[in-house]
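**Q** Attaching a single structure in structure tokens format; questions to follow.
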Amino acid sequence: MCGRFVQNFTFETLQDNFNVQTVDADIPPSYNVAPTQEILTIIRYDNNNKLERLHWGLVPFWAKDISIGNRMINARAETVSSKPSFRNAFKKHRCLIPAGGFYEWKGEKGNKQPFYITIPSGEPFAFAGLWETWTDKDDESVYKSCTIITTSASDSISELHNRMPVILDPNFYKQWLDVELQDAKQLEPILKDGIIHDMKYYPVSTRVNSVKNNDPNCIKPVEL
């Protein structure tokens with residue numbers, strides 16, 4: 001799964017790595033992004049890659065209220081095209097969720113050690129994401145939200161956890177964001193063949209366990 005990650009970018013970095021052309025969001029760095037918070041996403045609108053902030057935890061358009069989002073921070077790649085909560089977004093509302101790295105914990109309950117995971121180059125990368133718009137029937141307010149797709153962990157990090165977020169190969173960014181592409185049979189192979197498997201990781205301080213701690217020290221290596 002993916003329950004915490006890092007977004008620490010400049011606009012120039014987003015332009016260079018994700019071809020962002022339009023910005024509709026502030027870009028403050030976050031070293032401890034947590035569920036239900038607003039996070040940076042990249043969505044394709046009118047042939048432009050637009051940066052937006054969406055709530056992490058997808059709320060389907062048909063939901064009675066937004067509380068369902070608390071349980072929808074991740075979507076499994078194996079069932080995302082058929083599960084009612086995600087299949088509409090999988091066809092029509094895909095996004096990139098840029099990240100510098102993510103966290104995973106290993107150990108016994110009550111004594112788990114956090115690790116910070118990145119790609120070997122240290123460059124920013126993108127999770128495969130989905131987004132939706134939910135409208136409150138009472139006051140017609142709009143709530144935009146997203147989820148991160150996960151898959152089986154690669155050999156490079158499987159000793160930490162059996163799942164990991166889908167990290168897209170940059171060569172597949174354009175295809176993933178293509179709003180005209182809505183055929184699940186064409187999209188599903190991207191989640192198998194268009195992803196990055198090689199990762200590296202190191203231990204970090206348990207201070208990352210608290211979302212109140214949000215600074216560069218969260219990703220500073222520690223000795224075990």
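**Q** Considering only residues that are exposed (fewer than 14 other Cβ atoms within 10 Å of the Cβ) and at pLDDT 95 or above, which ones fall in the stretch 187-201?
**A** P189, D198 - these are the residues of the stretch 187-201 that are exposed (fewer than 14 other Cβ atoms within 10 Å of the Cβ) and at pLDDT 95 or above.
**Q** Report, by residue number, each residue of the stretch 154-172 that is open to solvent by 20 Å² or more (accessible area, probe 1.4 Å) and either closer than 21 Å to L96 by Cβ or in contact with a Cys (Cβ under 6 Å, 6 or more places away or on another chain) (or both).
**A** Once the filter is applied, which keeps residues that are open to solvent by 20 Å² or more (accessible area, probe 1.4 Å) and either closer than 21 Å to L96 by Cβ or in contact with a Cys (Cβ under 6 Å, 6 or more places away or on another chain) (or both), the stretch 154-172 yields R163, D169, P170, N171, F172.
**Q** Cβ contacts < 8 Å: first residue touching a residue at least 60 places away in the same chain (Cβ under 8 Å) and under 17 Å from Y173 (Cβ atoms), restricted to the stretch 46-69; second residue open to solvent by 60 Å² or more (accessible area, probe 1.4 Å) and outside any loop (DSSP other than H, G, I, E, B), any location; separation 6+ or different chain. Result?
**A** N49/Q21
**Q** Now, a different point. Report whether or not W176 is assigned to a helix (DSSP H, G or I), under 15 Å from K92 (Cα atoms), modelled with pLDDT of 95 or more and not hydroxyl-bearing (S, T, Y).
**A** In short, yes.
**Q** If you check every pair at least six apart or on different chains, which have Cβ atoms under 8 Å apart with a residue in the stretch 72-99 that is in contact (Cβ under 8 Å) with a residue 24 or more places away in the chain first and a residue that is open to solvent by 30 Å² or more (accessible area, probe 1.4 Å) and among the aromatic types (F, W, Y) second?
**A** Listed by first residue and then by second, the contacts come to N88/F61.
**Q** Restrict the check to the stretch 60-78 and report whether at least one residue is open to solvent by 70 Å² or more (accessible area, probe 1.4 Å) and part of a strand (DSSP E or B).
**A** Scanning the stretch 60-78, I find at least one residue that is open to solvent by 70 Å² or more (accessible area, probe 1.4 Å) and part of a strand (DSSP E or B), so the answer is yes.
**Q** Also: If E108 satisfies all but one of (1) without any contact (Cβ under 8 Å) to a residue 12 or more places away in the chain; (2) of a type in the set (D, E, K, R); (3) within 29 Å of L181 (Cα to Cα), what's the number of the condition it fails?
**A** The one condition E108 does not meet is (3).
**Q** If you don't mind, another one. Mind listing whichever residues of the stretch 1-39 are touching a helix residue (DSSP H, G or I) at 6+ places or on another chain (Cβ under 8 Å), aliphatic (A, V, I, L, M) and either modelled with pLDDT of 95 or more or closer than 15 Å to F125 by Cα (or both)?
**A** Result: V6, V20.
The values are calculated or read from the model by the stated rules, or taken from the named source; none is laboratory data. In this text, all values refer to a predicted model and were calculated from it rather than measured experimentally. Here the Cβ is made from the backbone with ideal geometry for all residues, glycine too, and neighbour counts use every protein chain on show. Note: areas computed on protein heavy atoms with side chains; ligands, DNA, RNA excluded. Shrake-Rupley method; radii C 1.70, N 1.55, O 1.52, S 1.80 Å.
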